[in-house]
Every structure is written in structure tokens, then in C-alpha cells.
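K.L.:
Please find one structure pasted underneath; my questions will follow.
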Number of protein chains: 2
Amino acid sequence: MDRYEQVTELARRRGIMWPAFELYGGAAGFYDYGPLGALLKRKIEDTWRRFFVIGEGFAEIEAPTIGVEGIFAASGHLSGFSDPLTECQECKEVYRADHLIKHIVEVPDALSNEEIGRIIHENDIFCPECGGELSEIYEFNLMFKTTIGPGSTHPGYLRPETAQGMFINFPRLLRYFRDALPFGAVQIGKSYRNEISPRQGVIRLREFTQAEAEVFIDPRDKTHPRFPEVSDLTLRLYSQEAQERGVIDEMTLEDAVKRGIIAHQMLAYYVARTYQFLMAVGVAPERMRFRQHKADEMAHYAADCWDAEVLLERLGWIEIVGIADRTDYDLKSHMTHSQAKLTVFVPYAEPKLRQRLVVKPDMKALGPRFKGKAKAVAEALKSLDEEGLKGDVICVVVEGETVTIERDLVSFEVVEEAIRGEEVIPHVIEPSFGIDRIIYTVLDHSYSQEEVDGESRAVLRFIPAMAPLQVAVLPLMDRPELAQPAEALLQAFRREGIMAEYDTSGSIGRRYRRNDEVGTPFCVTIDYETIEEATVTIRDRDSMGQVRVPKESVVEIVSALVKGEVEFLDAGRPEEST
Amino acid sequence: MDRYEQVTELARRRGIMWPAFELYGGAAGFYDYGPLGALLKRKIEDTWRRFFVIGEGFAEIEAPTIGVEGIFAASGHLSGFSDPLTECQECKEVYRADHLIKHIVEVPDALSNEEIGRIIHENDIFCPECGGELSEIYEFNLMFKTTIGPGSTHPGYLRPETAQGMFINFPRLLRYFRDALPFGAVQIGKSYRNEISPRQGVIRLREFTQAEAEVFIDPRDKTHPRFPEVSDLTLRLYSQEAQERGVIDEMTLEDAVKRGIIAHQMLAYYVARTYQFLMAVGVAPERMRFRQHKADEMAHYAADCWDAEVLLERLGWIEIVGIADRTDYDLKSHMTHSQAKLTVFVPYAEPKLRQRLVVKPDMKALGPRFKGKAKAVAEALKSLDEEGLKGDVICVVVEGETVTIERDLVSFEVVEEAIRGEEVIPHVIEPSFGIDRIIYTVLDHSYSQEEVDGESRAVLRFIPAMAPLQVAVLPLMDRPELAQPAEALLQAFRREGIMAEYDTSGSIGRRYRRNDEVGTPFCVTIDYETIEEATVTIRDRDSMGQVRVPKESVVEIVSALVKGEVEFLDAGRPEEST
């Protein structure tokens, strides 16, 4: 078994996650989170909230997962969100046509369906299953489609990203933030992509969880006031240029922005926060990098785009976060499609003074002279510039006819106006996180298998605060005199908001292993010394060491250990480990 | 404007919730939660978790919202989850046929489509819009349907309830709980019902959030070990019998179970926890009751079912929670459809001893005598009871022929066997919560409008801990010497995990009103005494009173106020209110 199989087998067996609908034969691309997986998922989502809602002051909203057609006509998903398919004429199996020519063309995404078809034909590619002839290439839209209400007149689509919820609520969000830029809105929720034949477990799901932030900024200022907080951070950057060299660079964000490798501070700032978030949930820094999209893979509207990628043993480098400068593409497109005003009035720091020429024709004289045409003549005069108002007579063309007017029938003056600001279409910076991929990465990067006393020990080395269970309470033996204080301790942990489990079945060594396997960082054992001397032992998952501490302080000590406020060996009197 | 309009107008204007897709004309039955609404929703969901995940020890899981057909064939939703429709032949408007005869029949749910059609016909009912002739009644399935993958061979359905996720994961959940009853599993997530023409804002949504617990219990024991914790609770019960009298009874749960009004302790226990949860989030107890389903509205498999209902000014009594004993209906049905074993081996407290007769034919004699028939003869002998083994000769019928065997060719003895337990199909107790309806109820029950100094004041009197924002930090004037300490205080609140907002725009009175309107329980004002004497004022939303407290303890004091640990007037030195 490779690491992927070990991790997914453990996840399935211990209630972390497993393929959905097992009772009914399953369906590729759907997964269940079990009791421990749902706990881990919630912790990762809450950590994300701590960074992006509390830390950045963004507003979390919750929009429906079903959307009406207008949204996706504007977003481009209705016409552009599809894969090229081909079907075997014999066995009717369906394939991603571009995947069939991967060994021939490096970036098949860029090809038209005709070109893919030609390459398939010219290279004698047939059905990989039965060798049959393949059909013409056709487009398959990746949105799940349904119908809202009875009849078929109101199609609905399951959202392919949460982002559109923020874009179409832009007017309400702008008002909530009192009409001022910058502001950010986020959603954590389900998105859907009707993949053709998803493989790779939770890495490619048809129903998945995204956490997306849309940061609306003034397009003329892409600096970030808090950039100095992160500018010293050294990251592994794989820029377009580095990719050509095939070498990952390490440099500070300060340097990356200065040297024009990352387009601007705004993007670099969220690259930094993304790195800090991924570190906080337990992604291994040495198996993480930030890769810039190449020119041919970047969306046509994007100014710059960086992916956080992680290295997984079986799958190679996988994208788990995308951070893009989407410019004004989305708002502009929704403005066109919805006819709504999606601009912001941005006041100048000081009103700008502008000189304007005001022309005043003498209507008392012009009225009687030109009668019905007088108004048109006046308008023509008003549109003249200073140059046109020179000389003794003024000539204007009205309804194809040149009209001459005496200079003294037209007065003008230059007035000064204060322009308070201007309407701008905000640009959008979008950090977009794939929560399921992050969960798998945390499992994969936390997993290790090692030999201990001639036996194999599997461990999930979660960061203690991220572990689904923080502590296991284990009476040394399943006897009432030990079970009773153990159960009281369990309740004491839970009252403090520490996720604690209770386990009496099997030898103490077996119970330690069982907890190692699900990453419980600390086990508290109740033994006869607990009764005699009011002490308990705490056992550390990673070192397998043990310390003995007073029973009345164990909740507080474990709480400090989980938060990393105290070193394990300083937490109590070291004991012989078992 | 009635209360419903006032509340929804406020919710829309202040970023709590609003109809979705406004930019594209909207779609009935879909709502967005804005920044404040999403905060409130999260608090209500987290309170639910505190009660049902932490408090009851249930396991939270997360299953996909799309399901495969097999699930809903077993659950009954594929065939039974539909509404009877009729279409106007003229204007093509579609109606719930049963709704058109509501004024004629009290419970139209119980009628067949033929009967509804007959009543429509006999009562000369035509299209309410245009007076046109109505079509035959047809069934419309309320599940949103889609297709998984390309082609149409794999239909998928958006789940109409989260419950099925727990049922189809029963084997994995049972294993997680180490093969022992009782245990509970919960989900909080989206469910979908393709209503014909939803009205009533968030009360009837096509996409909504449920929080459901499925508690798997031994069917032979419906007592609850923690029932004594809640048996004294007095609730407003509207039983089947009380509904006939038209009077809501008040009684303890102890009485309700003893008198057979609530079927058993298990159900009564979750009725109690439901009541406590609804009180904790801010539902008004005097506008709440528990109503038993009448015989003709209860699902055919349910043993008993109670709804928590709330009184809303415009809509009357509305169901917000259902608590049902679903018996073994769901697991039995999934066993039949999936062929999986969904039973639990329940060991007896002590093995039961059973006496069994063991018959031993003398095969050495019978073999040669009966040759090929010998085995069948032996089997026939083994199935005899003690009575049949009496007498000198024994008669058995083998392959239609009576065979006589001498008594001494057959020995028998009575052995004692220990039976350790038996396989049972668990019963399911289901408390099912409609989160959106609860949110609306909390808004509606919290809302009040009152005259203050000749001006109208709108207030959402949230329980302080449930308010989206706990505290507003307000510098008396927007000047740097006040803004600076105010911003520092804002950060101090946020560091303590207290949701704080900052507001400088408008007069202090206007800012108090603005905060009253979104239910912020406390406003902290920074004034010149803050600079001179290091004190700030705290202003109470409900009494509009003010106290002055030392600046360095204000975070701690507000935290205690939010938790209800201190009375407002004891929190500091009372001041003249503004």
C-alpha cells in the first residue's frame, strides 16, 4: 500500500471519511465525512474564519447553492464551463477527449475540439476499453442542471463556485460596508462540478466545499496597508520564469513584489495569509509551494494568479488554493447582463477643482431672430470652446446651415467646479480554497508509519489544536473505582470545550495505538495512584513519553499543551513510558 | 406594515437576509443570508451543536446533498414525495390542487387525486387567475432532479432531508460507536424541496437548512436514563385529545408520560431538550407550544410525533421542529432495498440458558438399511421433539413414505445452551429542526417598535450571547484623540472573541438607534472622560440606561454582561441616559 492507500484506508476505517452511498453501490466523486472527519473539517473551516473573517474583517454571507440561469450567463459558466467529450461508438464509454491526447500534446486545454479530433484521428487513437471507433468531440457542461418549480421554463444550476454569490450581492454588500472600498465578503459552502469520471478520492469531487473570499478594491491602488506585516516572509515561489528554469525560488514577498514576480502587494499579501493559514492547519511547509499560472493557463481576464500547491506522494503537485487578481471582469459582466449599477463612488482625498467654460447666448435677441431654430442655435453656441468664441462674429452650423452671430450677443465666463470623486468599477482579489483537498493534504502530511518495539505504529501527527479529539481519557482497567473518576474527568474536559473521548476496551497499549492512529495528541490515564495520590499520567502522542500531574490541574495542563503554551516534558514529572 | 413586513424590511435593509438573485429578477423560495444574518445563523447552529452534539454526545457527520436514486427509492421519496397539481387550460398557471379545495375539505392531504378532482369539478372551481378550466390532477415530485455524469443513465436528486445520510451510513456509524446501542448521529446542512409556488419569505424555502438528529435505540426500551433531569419541566402541550377540546394543556413531562399523552420517555426527553434549545436561542415561551400530530397527519410508520410550533403574527402557528418516533421504518426499508444487514447484536445482561434436545440416530445401523435415503431419515429423526421420540418404535415420514425405526437405534439427550443476545433492528427517534424558520422566529419574537422621546425606536431584543454583534464601540466624535483609543478597544474586544463593530458616522443617538435595530446589546462610548479619567460608558440596549466603568475592565465587564453573569446596573456607576 502506498501512502494514499494507507491514509484512505485509515480514514475509512476510523470514521474520518469514506466514499458515499456504499449501501447503493456508490457514485464516483461523492464522499462522506464521518464523525472524526466532520470535526476536522469544522476545525479547518473555523481556522479559515479566524484568518479571513476575524483577521481581515471580511463579511461572511450564505447564498443558495442553486442559482438561476442569468447568473451563469453573466459569469460565463453557461457557455464556457465545459469539457470536450468523445464516446466510443461500440461500448458507449465516454472519455475526456483532451485526456486521450495528453501523451501527444502538453497543454491540450488550449486546443479547439476540431484540433483534438484531428489529433485523435491522425494518431489512430481508439477506445481504451474496447478499441472501438470514437465519436466526434462534443462539449459537456460541467454544471449540474435542474428545474425550479413545475414545467421546464426555469432551469436552475448548482453553483460551480461560491464566488458568484458575492458578485451578485455586490450592491447589498457595498451598502453594508457604508459605500466605501476596500471590503471583502466570503462564503464557505458547497460547490458542484459534474466531472466526467472523477478519480483520486476527495481530490476531485463532484460535490465539494469551497472557502472563497472576494476582496473588492480600488483598481488604482493595489498596495495593501498591512503588507509590512508579511513582507519579510520567505516563501517557495515557482514563478512563470522559474518554471521555465525548473527551479523553485525562495525569496521574501518584499523581493517578489519589488522584482515584479508577484504583480502587486494586494496579491502578495493574500499569498502570505494563505501560507500562514495552511501552516496553521498542518500542511507541511517543505511540501508546499506557490506556483504562478503560465500565460496560457491564466483566465484571459486575470491580471495575475498564484496557486498554493502541495506535494502528495501519489499525485504529485496538486493545487489546493488559488489566489487571483480577477480585475473588474466579474462586476463588468454582471453590469452588462443585469443592467444594474455595480460601481462605487470613490471620493478624492480633496475635491478636484476644474475650470469650465459657461457660454450664455443673449436669448432676447436670438429668440425673435431664429424663432423655432433659436434653441438649436443656443445649444450650438454652448458647445463651443474658447477658440470658437474669438473674433467679431461667431459661426455655428445648425441643421446643416451656417449661421453667423454678432460677438456681443454671446457672453461667456470661466467658472471653477469642485469634483468630489468618481465612479469606479472595483477590481476583485480572490483567494479561493478547496477545503476537501486541504483536509486530505493535512491527513497525508500528518501521516506516518513507524516501527515501535517491533510493532508497526500508525500516527496522524496533527497540530494538537487541529486534532479532531484533543484528549482520550483511559481508565487503566475497566473497574468501577477507576471508571468513576475517569468519567468525571471526561465531563470536566468537555465542560472546558476540549474534545475528549473515553475508551475502556483493550489493553492500555492498544488504546494508545488506537488514539495515535486518529491523531489524539494526549492520553490521560487513570490508575491506582490516581486514587491513592490524586495524580494521573499524560501520554504524548509524538514522543510516546509520559508525565505524571496532579489530577486537579490536568484539565488546565492539557489545555495549555493543546495550545502549545507549555513543553510536554515541563508539564509534569516524567515517567517510564509504556 | 404588519410585524412580518417590518421584520423583513429591517432584515433586508440591515444585511440580515434578503430574497436571492435580486440582480436577475429573483426566484421564489431562495434567500440570502447577509453579514449579520450569517452570524446569527452560525450562532444558532453552534447552540444546536452545544445541545445535541456536545450535550447528548451525538456524532456529527457530513454527507453529500446530492443522492443516488437507490436511497430515495428506499426512503419513499421517489414515489411518495409529491404534490397534486392542476394546470389552467387557458393561462397555463399551475396550482396545488389540494390548496384549491382548502375551504371545502379540512385535511385535503388525505384525499386521492381522483377525489380532489371530483371535489373541484362538483364545486365549480376554476382557475383563480383567469377563470379557465383546470386540468386533470397529476403528481409533481418535490425533489430537484439532476443527472450525475454525462448521459442520462444516472439520475441524482438533491436530498429532501438530511436524515437519509444517517440511515445509509448506519453500518459505519454503528462501528464508530463500537457496535452498541443507543447512539445518535446528526447533520446540519442544506435540504431541498421544489415547492410549486413558495410564498412567506424564509418560512417556505426551496433550499433550506436542517439540523437533524437520528437517535438509534433498542426498540424494547424507550426509557431515557437522563429523563429525571427534565421530568419536572412544565410545557404547553397540545395533544390529539387537547386539540379536540381546543385547549392547550400545561403539564410536566413526568405527567405527560405517565398519562400516556407523550408515548414514552425517549420522545418526552427530546421534547424537553428542544424546548430548552429554543429558549436558549430566543424563541418566546408564551408564543410556543408542542402539538401532537393527529392520527390522519402522522406518517403511517410513526409511533408518535410532536411538533414545536410558534405563533407568528401574520402566519399563525407554524411548525419549526418535529420530534418523531420513526420506529424501524427507515432501517427496515433500506435493508430491503440494499440487501445490507442493518441490525445490531444486543447482548443480554446475562446469557440466557436454553434447553435443546439433541437427537443422535445410530447411523451405523441406519446407513446400510436405508442406503441413499439414510440421510433424509436421519434428518427427519433429528427434527422430532421429545413427544415423537416416545414409544418402542418411532415413525417418521420420509419422501412421502412412512418409515418405522426401532427405539434403540435412536438416542437423545437434552443439552443446555447459553444464548448471548439477539439481533435487533433499532428504532429511530428523530428531532428535526428547520433552521431558517427558527431564525425568522427569533427575529420576529425579538422585534419591537416603541416610542422614545416622541421618536420611533425599532429594537431586536436578542439574547445578548445570540446577537450577531455583541458590542459597538463608538467614539463620541470622529476625532483622532477619541478614534485612537476606540480602535484599540475594538481590537481588544475582538481578541477576546467578542463580535465588536466600530461606528463613527452620525450623532451618538443615531448610532444607538442603529445598533438597537440590529440588536447589539451593548454600546461602549469613548468620550473626553475616557482621556481624562480612563473611563468609558456602557449603554444597555433594552433599558437604554448607561453605566460608567474603568476603561481597563470594560472588555471583561461586557463579556460578563453578554454571558448574563452580572446585572447591568451592577456593572458600573449609573449615568444619566441619552
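The values are calculated or read from the model by the stated rules, or taken from the named source; none is laboratory data. Quick caveat, the model's predicted, so the values are computed rather than measured. When we count neighbours, we look across all protein chains shown, and the Cβ atoms used for this are built from the backbone with ideal geometry, even at glycine. The accessibility values were calculated without ligands, DNA or RNA, using every heavy atom of the protein model including side chains. Shrake-Rupley method; radii C 1.70, N 1.55, O 1.52, S 1.80 Å.
K.L.:
Among B:186, B:105, which is farther than 23 Å from residue A:38 by Cα, outside any helix (DSSP H, G or I) and aliphatic (A, V, I, L, M)? Write out each step before concluding.
P.N.:
Details: B:186 fails: farther than 23 Å from residue A:38 by Cα.
The conditions single out B:105.
K.L.:
Restricting the search to segment A:53-71, which residues are under 19 Å from the mean Cα position of the chain (by Cα) and either part of a helix (DSSP H, G or I) or under 30 Å from residue A:520 (Cα atoms) (or both)?
P.N.:
Passing the criteria: A:53, A:54, A:55.
K.L.:
Can you tell me which of A:158, A:142 is closer than 25 Å to residue B:205 by Cα and of a type outside the set (Gly, Ala, Ser)? Lay out the reasoning, then the answer.
P.N.:
On the way: A:142 fails: closer than 25 Å to residue B:205 by Cα.
Of A:158, A:142, the one residue that is closer than 25 Å to residue B:205 by Cα and of a type outside the set (Gly, Ala, Ser) is A:158.
K.L.:
To continue, here is another question. I want to confirm something. Restricting to segment B:400-414 and keeping residues that are within 59 Å of the chain's Cα centre (by Cα) and loosely packed, with under 10 Cβ neighbours inside 10 Å, which single residue is farthest from residue B:339 (Cα to Cα)?
P.N.:
It comes out as B:413.
K.L.:
For segment A:562-578, name all the residues that are in a helix (DSSP H, G or I) and open to solvent by less than 40 Å² (accessible area, probe 1.4 Å).
P.N.:
Filtering segment A:562-578 for residues in a helix (DSSP H, G or I) gives A:562, A:568-570.
Within segment A:562-578, A:562, A:568 qualify.
K.L.:
Can you tell me how many residues within segment A:134-148 are open to solvent by 40 Å² or more (accessible area, probe 1.4 Å) and either closer than 22 Å to residue B:65 by Cα or away from chain B (no Cβ under 11 Å) (or both)?
P.N.:
As a first pass, look at segment A:134-148 and keep what is open to solvent by 40 Å² or more (accessible area, probe 1.4 Å): A:136, A:138-139, A:141, A:145, A:147.
Narrowing further to those that are either closer than 22 Å to residue B:65 by Cα or away from chain B (no Cβ under 11 Å) (or both): A:136, A:141, A:145, A:147.
Here the count works out to 4.
K.L.:
Same structure, new question: Considering only segment B:461-561, give the helices (runs of 4 or more DSSP H) lying wholly within it that have at least 2 residues that are surrounded by 18 or more Cβ atoms within 10 Å (Cβ to Cβ) and not assigned by TED's automatic domain parsing to the domain that holds residue B:47. Full working, then the answer.
P.N.:
On the way: elements: B:480-495, B:508-517, B:528-533.
Answer list for segment B:461-561: B:480-495, B:508-517.
K.L.:
Here's a check for you: in segment A:92-102, which residue that is open to solvent by 60 Å² or more (accessible area, probe 1.4 Å) and either touching a residue at least 12 places away in the same chain (Cβ under 8 Å) or in a helix (DSSP H, G or I) (or both) is farthest from residue B:150 (Cα to Cα)? Lay out the reasoning, then the answer.
P.N.:
The initial filter retains those residues of segment A:92-102 that are open to solvent by 60 Å² or more (accessible area, probe 1.4 Å), namely A:92-93, A:99, A:102.
Adding the requirement that they be either touching a residue at least 12 places away in the same chain (Cβ under 8 Å) or in a helix (DSSP H, G or I) (or both) leaves A:93, A:99.
Numbers: A:93: 10, A:99: 16 Å.
Looking at the filtered set, the residue picked out is A:99.
K.L.:
Might you check whether a residue that is touching a Pro at 6+ places or on another chain (Cβ under 7 Å) and within 14 Å of chain B (Cβ to nearest Cβ) occurs anywhere in segment A:217-235?
P.N.:
Among the residues of segment A:217-235, not one is touching a Pro at 6+ places or on another chain (Cβ under 7 Å) and within 14 Å of chain B (Cβ to nearest Cβ), which makes the answer no.
K.L.:
Here is a list of conditions, (1) open to solvent by 60 Å² or more (accessible area, probe 1.4 Å); (2) at pLDDT below 95; (3) touching a helix residue (DSSP H, G or I) at 6+ places or on another chain (Cβ under 9 Å), and residue A:113 meets all of them except one; can you say which number that is?
P.N.:
Here residue A:113 meets the rest and fails (1).
K.L.:
Residues that are under 24 Å from residue B:327 (Cα atoms) and open to solvent by less than 40 Å² (accessible area, probe 1.4 Å): find the helices (runs of 4 or more DSSP H) completely inside segment B:214-286 holding 2 or more of those.
P.N.:
Values: elements: B:240-245, B:253-258, B:265-281.
Passing ranges, in order: B:253-258, B:265-281.
K.L.:
To continue, here is another question. Pairs, please: C-beta under 7 Å, at least 6 apart or cross-chain, first residue among the acidic types (Asp, Glu) and in segment A:534-558, second in a strand (DSSP E or B)?
P.N.:
Final answer for the pair search is A:540/A:522.
K.L.:
For residue A:286, are the conditions met, namely being among the charged types (D, E, K, R), over 19 Å from residue A:217 (Cβ atoms) and without any contact (Cβ under 8 Å) to a residue 12 or more places away in the chain?
P.N.:
On the way: among the charged types (D, E, K, R): yes; over 19 Å from residue A:217 (Cβ atoms): yes; without any contact (Cβ under 8 Å) to a residue 12 or more places away in the chain: yes.
Spelling it out, residue A:286 is indeed among the charged types (D, E, K, R), over 19 Å from residue A:217 (Cβ atoms) and without any contact (Cβ under 8 Å) to a residue 12 or more places away in the chain.
K.L.:
Which residue out of B:151, B:131, B:156 is surrounded by fewer than 18 Cβ atoms within 10 Å (Cβ to Cβ), within 11 Å of chain A (Cβ to nearest Cβ) and over 30 Å from residue A:501 (Cβ atoms)?
P.N.:
On the way: B:131 fails: within 11 Å of chain A (Cβ to nearest Cβ); B:156 fails: surrounded by fewer than 18 Cβ atoms within 10 Å (Cβ to Cβ).
Exactly one residue qualifies, and that residue is B:151.
K.L.:
Here's another thing I want to ask about it. Can you tell me which residue in segment A:329-346 is nearest to the chain's Cα centre (by Cα), limited to those that are open to solvent by 50 Å² or more (accessible area, probe 1.4 Å) and more than 14 Å from every other protein chain (Cβ to nearest Cβ)?
P.N.:
A:329
K.L.:
Return yes when residue B:500 is of a type in the set (Gly, Ala, Ser), closer than 19 Å to residue B:15 by Cα and touching a helix residue (DSSP H, G or I) at 6+ places or on another chain (Cβ under 7 Å) and no when it is not. I'd like the intermediate steps shown before the answer.
P.N.:
Details: of a type in the set (Gly, Ala, Ser): yes; closer than 19 Å to residue B:15 by Cα: yes; touching a helix residue (DSSP H, G or I) at 6+ places or on another chain (Cβ under 7 Å): yes.
For residue B:500, the condition - of a type in the set (Gly, Ala, Ser), closer than 19 Å to residue B:15 by Cα and touching a helix residue (DSSP H, G or I) at 6+ places or on another chain (Cβ under 7 Å) - is met.
K.L.:
Looking at residue A:386, is it outside the structural domain of residue A:217 (by TED's automatic domain parsing) and at pLDDT below 85? Full working, then the answer.
P.N.:
Working: outside the structural domain of residue A:217 (by TED's automatic domain parsing): yes; at pLDDT below 85: yes.
The answer is yes for residue A:386.
K.L.:
Looking only at residues that are farther than 23 Å from residue A:336 by Cα and open to solvent by less than 10 Å² (accessible area, probe 1.4 Å) in segment A:168-197, which one is farthest from the other protein chains (Cβ to nearest Cβ)?
P.N.:
A:191
K.L.:
Criterion first (within 12 Å of chain B (Cβ to nearest Cβ) and under 30 Å from residue A:256 (Cα atoms)) does residue A:211 satisfy it?
P.N.:
Numbers: within 12 Å of chain B (Cβ to nearest Cβ): no; under 30 Å from residue A:256 (Cα atoms): yes.
When the stated conditions are applied, residue A:211 does not pass them.
K.L.:
Looking at segment A:53-81, which of its residues are polar (S, T, N, Q), more than 8 Å from chain B (Cβ to nearest Cβ) and crowded, with 21+ Cβ neighbours inside 10 Å?
P.N.:
We begin by selecting, within segment A:53-81, every residue polar (S, T, N, Q); these are A:65, A:75, A:79.
Next, only the ones that are more than 8 Å from chain B (Cβ to nearest Cβ) stay: A:75, A:79.
A:75 - this is the single residue of segment A:53-81 that is polar (S, T, N, Q), more than 8 Å from chain B (Cβ to nearest Cβ) and crowded, with 21+ Cβ neighbours inside 10 Å.
K.L.:
Would you mind telling me which numbered condition in (1) of a type outside the set (Gly, Ala, Ser); (2) open to solvent by 80 Å² or more (accessible area, probe 1.4 Å); (3) in the same structural domain as residue A:183 (by TED's automatic domain parsing) residue A:304 fails?
P.N.:
Only one criterion is unmet by residue A:304, namely (2).
K.L.:
Run residue A:84 past the list (1) open to solvent by less than 30 Å² (accessible area, probe 1.4 Å); (2) within 30 Å of residue A:281 (Cα to Cα); (3) not polar (S, T, N, Q) and report the number of the one that doesn't hold.
P.N.:
(2)
K.L.:
Name the residues in segment B:14-32 that are of a type outside the set (Asp, Glu), at negative phi and either more than 7 Å from chain A (Cβ to nearest Cβ) or open to solvent by 10 Å² or more (accessible area, probe 1.4 Å) (or both), would you? Spell out the reasoning first.
P.N.:
The initial filter retains those residues of segment B:14-32 that are of a type outside the set (Asp, Glu), namely B:14-21, B:23-31.
Add one more test, that the residue is at negative phi, and what stays is B:14, B:16-20, B:23-24, B:27-28, B:30-31.
Residues satisfying the conditions are B:14, B:16, B:17, B:19, B:23, B:24, B:27, B:28, B:31.
K.L.:
Would you check if there is a residue in segment A:34-52 being on the phi < 0 side of the Ramachandran plot, in a strand (DSSP E or B) and either more than 8 Å from chain B (Cβ to nearest Cβ) or surrounded by 19 or more Cβ atoms within 10 Å (Cβ to Cβ) (or both)? Outline the logic, then answer.
P.N.:
First, the residues of segment A:34-52 that are on the phi < 0 side of the Ramachandran plot: A:34-52.
Next cut, in a strand (DSSP E or B) only: none.
The answer is no, given that none of the residues of segment A:34-52 is on the phi < 0 side of the Ramachandran plot, in a strand (DSSP E or B) and either more than 8 Å from chain B (Cβ to nearest Cβ) or surrounded by 19 or more Cβ atoms within 10 Å (Cβ to Cβ) (or both).
K.L.:
List pairs: first residue in segment B:436-464 and farther than 16 Å from residue B:520 by Cα, second residue of a type in the set (Ser, Thr, Tyr) anywhere in the structure, Cβ distance under 7 angstrom, at least six positions apart or on different chains.
P.N.:
B:436/B:209
K.L.:
Can you tell me how many residues in segment B:449-474 are under 28 Å from the mean Cα position of the chain (by Cα) and within 15 Å of residue B:6 (Cα to Cα)?
P.N.:
Step one: filter segment B:449-474 for residues under 28 Å from the mean Cα position of the chain (by Cα), giving B:460-470.
Still in the list and also within 15 Å of residue B:6 (Cα to Cα): B:460-461.
Number satisfying all stated conditions: 2.
K.L.:
Another question about this same structure. Can you name the condition, by its number, that residue B:200 falls short on among (1) away from chain A (no Cβ under 14 Å); (2) farther than 26 Å from residue B:309 by Cα; (3) surrounded by fewer than 17 Cβ atoms within 10 Å (Cβ to Cβ)?
P.N.:
With (1) away from chain A (no Cβ under 14 Å); (2) farther than 26 Å from residue B:309 by Cα; (3) surrounded by fewer than 17 Cβ atoms within 10 Å (Cβ to Cβ) applied to residue B:200, the lone miss is (2).
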